Amino acid sequence: MRIIAKEFNNPSNRLEFSWLPTEIKDNGGNVMFASYNLLDRGEFVRPSGNDLRKISWEGRFPGEARKEEPYLVSDWEAPEDCDDLLRQWASKRKKVKLTIENTNINKFTCYINNYSSTYTGGFGDIEYSIEWIAYKSLSVNVTKRSKTIKKQTKRAKKDYKTHIVKSGDTLWGIAAKYLGKGTRWKEIYKLNKSTIEKAAKAQGFKSSHNGHWIWPKTTLKLPKK
């Protein structure tokens, strides 16, 4: 038997467990009602169906003093390296493919749900406990919401009348024409500040001097009266 774990998007990042656990638990099956917290996806509730499959065991990464032991089923790796890799997968929510030979656990796509480890004994061993939880894609239909946002955006655009600047125009004159008072020119500048300042830079100026300079063909939004 061999236990091999490979990072889903980077298969060269892999771990083969040289010390086999005495027992592997495969927890899954039908449930009547279940509520899960799917990693960082939030709570997921369903009334019936198959429970999220979980694979767990307790094991050991043997220290260097045991590297030549005959019961190791694969090449020895430093326990610190094995421990670091699993901790990275767990903390970064890396998707992993897990294969346990001679079982029905073959290329099981999962995340590390729980992982803990501790140094033990005088051989430099690290004992650990690990639980893998099945990966399950979660799709969210946002089509209607997207359409609503687009409609709201269109409505927002329609809320503003516009004026295309012509030669000789001033913000004071535009305010007097559309808003009834030239003194309201600052409202037009505030509403169109980014547009006016962008036009100024396009003309080679650092600024429009707070809207005192405006350029033909600039489209300005007009505040409501």
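The values are calculated or read from the model by the stated rules, or taken from the named source; none is laboratory data. Being a predicted model, the structure only gives us computed values, none of them experimental. Glycine gets a Cβ as well: all are built from the backbone with ideal geometry, and neighbour counts include every protein chain shown. Ligands, DNA and RNA are stripped out before the accessible areas are found, and what is left, the full protein with its side chains, is counted by its heavy atoms. Shrake-Rupley method; radii C 1.70, N 1.55, O 1.52, S 1.80 Å.
The table below lists the values:
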| read-out | value |
| --- | --- |
| Every pair of residues 6+ apart whose Cβ atoms lie under 7 Å, when the first sits in the stretch 196-225 and is within 23 Å of residue 161 (Cβ to Cβ) while the second is of a type in the set (D, E, K, R) | 208/197; 214/169; 216/166; 222/161; 223/187 |
| Subset of the stretch 5-15 that is in contact with a strand residue (DSSP E or B) (Cβ under 9 Å, 6 or more places away or on another chain) and assigned to a strand (DSSP E or B) - its residue that is surrounded by the fewest Cβ atoms within 10 Å (Cβ to Cβ) | 12 |
| Cross-chain or 6+ apart pairs with Cβ under 9 Å, the stretch 97-122 first and within 17 Å of residue 18 (Cα to Cα), then among the hydroxyl-bearing types (Ser, Thr, Tyr) and open to solvent by 40 Å² or more (accessible area, probe 1.4 Å) | 117/129 |
| Residue selected from the stretch 184-225 under the condition outside any strand (DSSP E or B) and of a type in the set (A, V, I, L, M), by the criterion most open to solvent (accessible area, probe 1.4 Å) | 202 |
| Per-region count, the stretch 123-136, residues farther than 20 Å from residue 16 by Cβ and open to solvent by less than 60 Å² (accessible area, probe 1.4 Å) | 2 |
| One residue from 117, 35, 56 being at pLDDT below 95 and crowded, with 17+ Cβ neighbours inside 10 Å | 56 |
| Lone unmet requirement of (1) surrounded by 15 or more Cβ atoms within 10 Å (Cβ to Cβ); (2) in a helix (DSSP H, G or I) for residue 163 | (2) |
